[in-house]
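Taking it in order: structure first as structure tokens, then the write-up.
The values are calculated or read from the model by the stated rules, or taken from the named source; none is laboratory data. Quantities reported herein were computed from a predicted structural model and do not represent experimental measurements. Accessible surface areas use protein heavy atoms only, side chains included; no ligands, DNA or RNA. Shrake-Rupley method; radii C 1.70, N 1.55, O 1.52, S 1.80 Å.
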Amino acid sequence: MKPIDKRFRIVWTALAGLMMIVIAYCSWNEDTAILGIAFALSLLSTWLCHRIRPKAALSNLLVMLLYNAILGYNLIFNSCGGTGFTWWFYLLVLNAIHSIGLIVFAIISAQKRHYWFPQKNEMK
């Protein structure tokens with residue numbers, strides 16, 4: 001196994017654990033379910049990007065870990081009054097935008113490398 005794969009798996013597992021902790025501390029309702037779906041989309045999009053561009057996936061995963069840790073902490077401990085909705089919304093929007101961007105990046109990178117879409121003369 002390559003060192004970049006080991007680092008990716010360690011950071012991916014840390015991010016998954018952080019996301020599970022944030023979901024466990026929130027009161028369970030449909031808002032938490034939506035946040036869980038956004039977290040799952042984030043983890044799947046980084047895994048997909050890792051299959052195409054491992055270094056880019058690792059750097060994006062580190063960025064995701066940083067902002068999810070900050071916003072998750074604020075969602076758990078600083079959510080008095082109406083600020084809980086603000087932290088939840090930031091988590092949801094940032095994870096959704098980052099995941100969609102990673103998926104688009106992975107598709108464009110794979111298309112440039114002919115990973116998924118081989119040319120007609122290569123199919124013979």
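Between the helical axis of 54-77 and the longest alpha-carbon principal axis of the chain there is an angle of about 10 degrees. For the range 100-113, the Karplus equation 6.51 cos²θ - 1.76 cosθ + 1.60, evaluated at θ = phi - 60°, returns couplings of 5, x, 5, 5, 5, 4, 5, 5, 5, 5, 5, 5, 5, 8 Hz by residue, with Gly and Pro reported as x. Heavy-atom accessible area, probed at 1.4 angstrom with all protein chains present, ranks M20, M64 as M20, M64, highest first.
Helices in the chain, meaning DSSP H runs of at least 4 residues, each add -39500 (n - 2.57). Divided by all residues, the mean residue ellipticity at 222 nm is -28500 deg cm²/dmol. For the chain, the solvent-accessible area with a 1.4 angstrom probe is 64 square angstrom per residue. For the chain, the longest principal axis of the alpha carbon atoms and the long axis of helix 3-25 meet at an angle near 30°. The eigenvalues of the Cα gyration tensor, multiplied by 5 and square-rooted, give the chain an equivalent ellipsoid with semi-axes of 33, 16, 11 Å from largest to smallest.
Computed in the context of the full set of protein chains, the accessible area of the chain at 1.4 Å probe radius has 69% of its extent on carbon or sulfur. Tell me the angle of helix 30-52 to the major Cα principal axis of the chain, expressed in degrees between 0 and 90 and rounded to the nearest ten. That works out to roughly 30 degrees. Take every Cα pair under 8 Å whose residues are at least 6 apart in sequence, average their separation, divide by the length of the range 15-124, and the relative contact order is 32 percent.
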